[in-house]
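Participant: Pasting a structure here, questions to come.
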Amino acid sequence: MRTFLKDSGADGVDVVLNSLSHDDYIPRSLALLVKGGRFMEIGKRGIWSHEQMAEARPDVMYEKIAADTMMEKEPWRYNAYLKRLLGRAEAGGLQPINCHLFDGLEKGVSALQFLQRANNIGKVVISQPSRMLCGPKDLAMLSGGMGALGIVTAQYLVEEGCKSMALLSRSGKPSADAMAHWDWLKACAIDMKVEKCDVSEESSVVALRGALGDRRVGCLLHLAGVLADGMLPALSREHFEKSYAPKVHGLYHMCKHLEIAEDAVRLLFSSTSALFGSPGQANYSASNSVLDALAPAWSARGRPTRSVQWGPWAEVGMAVQKNTLSRAKAMGVGALNTATGMGVMSSVLFAGEALVGAVPVRWAKYLRSAYPETPRFLEDMEAEVRKAGPAPGAGGGGGAMELASLPPEERLEAVRAGIREMAREVVDDGSLATDSPLLESGMDSLSGVEFRNRLVTEFEGVRMPNSLIFDHPTVNELAAFISGQLGDVAPAGGAVP
């Protein structure tokens, strides 16, 4: 090095970029550094502190560069550096080093053996194809993309290799429930556009087509949806139009006006309301059923389409916003955490089924709570429950008969305690008073239907009219009514069969 400096007529080097850790390397490099030079340390072991450098060479500007720490503490700065490097690479100013590529994790052993034999010059890379079937050059489009579930899904797409996406939203603003995920997305070096587009309006989708130009959609995720709940007698045409507009008409408008590749993956977000039914959501169930019917039909025509009937999500989505998770849990329906949901999404794309339900269910509890009689399409599940044996607290009516055999005052108190606990679960209020009107304490017409179904199951043999909660609006009044009915069905002599 000294010979090179002498031949070039230089007094020394201006910058040292050091990664060598031997005891003598740093002093030797410093000896070559001109006065006022810069010493950039990218090593990890045996490096000098700022105090050591100041003592040895106070004239030198010394900086330790730790890319891993920068990624964690200053992601915006690291992002900016990567974007600059990416721009230079795309312009041809930077050429990649030699790379030996092994496709798929199953080639991992071969890759390590290749590395062990020192056959490589440059990097040895094991690639893993995207589990979302979305290539780096594909445009991923998400309707409802600025909702909490849309943003979480977009983050997962990026983690799976997506480099270009369009998030469609009526408001164009991110959901307040997913701001941490949104900040993560904004910090990513991807081509992400937020398009203010109401897919239920055909003119809005036509305008979107103009904004996209000749770009083709390589991956379509349809998450848009609106709730317009109401019990069946109160449902109007407007209720159905409100539910159908984003779900059904929105999908039609996108397929009609956007340039979607024939082999593009189409993932439709349906709901278990179309699988099990849901009190007060006949319109929402119907609109999701259209998606469920389209998925197998399109797949049969060579357009890969999947419709997933999602249950409630634990961290994002409509169930969280509507505060229905506790009610669902009380009926035996669990919630999907984000990691599990994203894993299900990936699995569905590689599965052969075009229509899949995704919800954790405790079947014994659900079948008792949701239906006075098990519907035919769930009879197989009921058979499995019977085969597995009785669930804790299943009762099968035995509990009601035991209550019926109690003295009237004890029976009334036991019934009141059971109803109070059930009501508190349904309205998600542990302090609900027994004399508070239920319909003024958080129980609406939808949860009222669920509550009545649970009472029918719990107190088998008691006749409960559809107007039960209106006729007996408090826990105390319900307890008096049901306790009196149980007295009428008590076995002779008070014996429990």
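Participant: If I filter the stretch 49-65 for residues that are among the acidic types (Asp, Glu), over 27 Å from LYS123 (Cβ atoms) and in a helix (DSSP H, G or I), do I get at least one hit? If you could, list the steps in order and put the result at the bottom.
Facilitator: Taking the stretch 49-65 first, the residues among the acidic types (Asp, Glu) are 51, 55, 59, 63.
Next, from what is left, pick out any that are over 27 Å from LYS123 (Cβ atoms): 51, 55, 59.
From what is left, the residues that are in a helix (DSSP H, G or I) are 51, 55.
Yes.
Participant: Being among the acidic types (Asp, Glu) and either at positive phi or crowded, with 18+ Cβ neighbours inside 10 Å (or both) narrows it down to one of ASP229, ASP183, so name that one.
Facilitator: Result: ASP229 is the single residue among ASP229, ASP183 that is among the acidic types (Asp, Glu) and either at positive phi or crowded, with 18+ Cβ neighbours inside 10 Å (or both).
Participant: From the residues in the stretch 95-110 that are small (Gly, Ala, Ser) and assigned to a helix (DSSP H, G or I), which one is farthest from LYS186 (Cα to Cα)?
Facilitator: Only one residue tops the list, namely SER110.
Participant: Pick from the stretch 423-457 the residues that are over 24 Å from GLY230 (Cβ atoms) and hydrophobic (A, V, I, L, M, F, W, C): which of them is surrounded by the fewest Cβ atoms within 10 Å (Cβ to Cβ)?
Facilitator: Per the criteria, the residue is ALA433.
Participant: Can you tell me which residues in the stretch 111-126 are among the small types (Gly, Ala, Ser) and either assigned to a loop (DSSP other than H, G, I, E, B) or surrounded by fewer than 12 Cβ atoms within 10 Å (Cβ to Cβ) (or both)? Step through it out loud before you land on a result.
Facilitator: Within the stretch 111-126, the first condition is being among the small types (Gly, Ala, Ser), and the residues that meet it are 111, 118, 122.
Within the stretch 111-126, ALA118, GLY122 qualify.
Yes/no per residue for (1) in a strand (DSSP E or B); (2) surrounded by 20 or more Cβ atoms within 10 Å (Cβ to Cβ):
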| position | (1), (2) |
| --- | --- |
| LYS193 | yes, no |
| VAL199 | no, yes |
| ARG215 | no, no |
| GLY218 | yes, yes |
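Participant: Would you call LEU149 in the same structural domain as GLU315 (by TED's automatic domain parsing) and touching a Phe, Trp or Tyr at 6+ places or on another chain (Cβ under 7 Å)?
Facilitator: Taking the combined requirement at face value, the residue satisfies it.
Participant: In addition: Within the stretch 368-379, is even one residue over 25 Å from THR305 (Cβ atoms) and β-branched (Val, Ile, Thr)? Give the derivation first.
Facilitator: Initial filter on the stretch 368-379 (over 25 Å from THR305 (Cβ atoms)): 368-376, 378-379.
Retained after the next criterion (residues that are β-branched (Val, Ile, Thr)): 374.
Taking every residue of the stretch 368-379 in turn, at least one turns out to be over 25 Å from THR305 (Cβ atoms) and β-branched (Val, Ile, Thr).
Participant: Give the residues of the stretch 458-469 that are touching a helix residue (DSSP H, G or I) at 6+ places or on another chain (Cβ under 8 Å) and over 10 Å from ILE419 (Cβ atoms), sorted by residue number.
Facilitator: GLU460, GLY461, VAL462, ARG463, MET464, PRO465, ASN466, LEU468, ILE469, listed by residue number.
Participant: Of these, PRO407, PRO375, PRO390, PRO360, which one is at pLDDT 80 or above and over 30 Å from the mean Cα position of the chain (by Cα)?
Facilitator: On inspection, the qualifying residue turns out to be PRO407.
Participant: All but one of (1) in a helix (DSSP H, G or I); (2) out of contact with any Ser or Thr (no Cβ under 9 Å at 6 or more places or on another chain) hold for ARG463; which doesn't?
Facilitator: With (1) in a helix (DSSP H, G or I); (2) out of contact with any Ser or Thr (no Cβ under 9 Å at 6 or more places or on another chain) applied to ARG463, the lone miss is (1).
Participant: If I ask for residues that are free of Cβ contacts under 8 Å to residues at least 40 places away in the same chain, part of a loop (DSSP other than H, G, I, E, B) and under 22 Å from LYS196 (Cβ atoms), which ones from the stretch 224-259 would you list?
Facilitator: VAL226
Participant: Confirm whether VAL206 is touching a residue at least 40 places away in the same chain (Cβ under 8 Å) and touching a helix residue (DSSP H, G or I) at 6+ places or on another chain (Cβ under 9 Å).
Facilitator: So VAL206 passes the test.
Participant: From the list GLY87, GLY92, pick out the single residue that is on the phi > 0 side of the Ramachandran plot and not in a strand (DSSP E or B).
Facilitator: Only one candidate passes the filter, namely GLY92.
Participant: Further question: Just for the stretch 138-176: of the residues that are of a type in the set (S, T, N, Q) and surrounded by 24 or more Cβ atoms within 10 Å (Cβ to Cβ), which one is nearest to VAL344 (Cα to Cα)?
Facilitator: Only one residue fits best here, namely THR153.
Participant: Considering only the stretch 293-330, how many residues are of a type in the set (Lys, Arg) and modelled with pLDDT under 75?
Facilitator: Number of matching residues: 2.
Participant: Suppose the filter is at pLDDT 90 or above, outside any helix (DSSP H, G or I) and not assigned by TED's automatic domain parsing to the domain that holds ALA189; does LYS35 pass it?
Facilitator: yes
Participant: Need the failing condition index for LEU133 against (1) part of a helix (DSSP H, G or I); (2) in contact with a strand residue (DSSP E or B) (Cβ under 6 Å, 6 or more places away or on another chain); (3) closer than 26 Å to LEU167 by Cα; (4) of a type outside the set (Gly, Ala, Ser), just the number.
Facilitator: Unmet condition: (1).
The values are calculated or read from the model by the stated rules, or taken from the named source; none is laboratory data. These numbers come from a predicted model, not from an experiment. We place every Cβ from the backbone using ideal geometry, glycine too, and count neighbours over all the protein chains shown.
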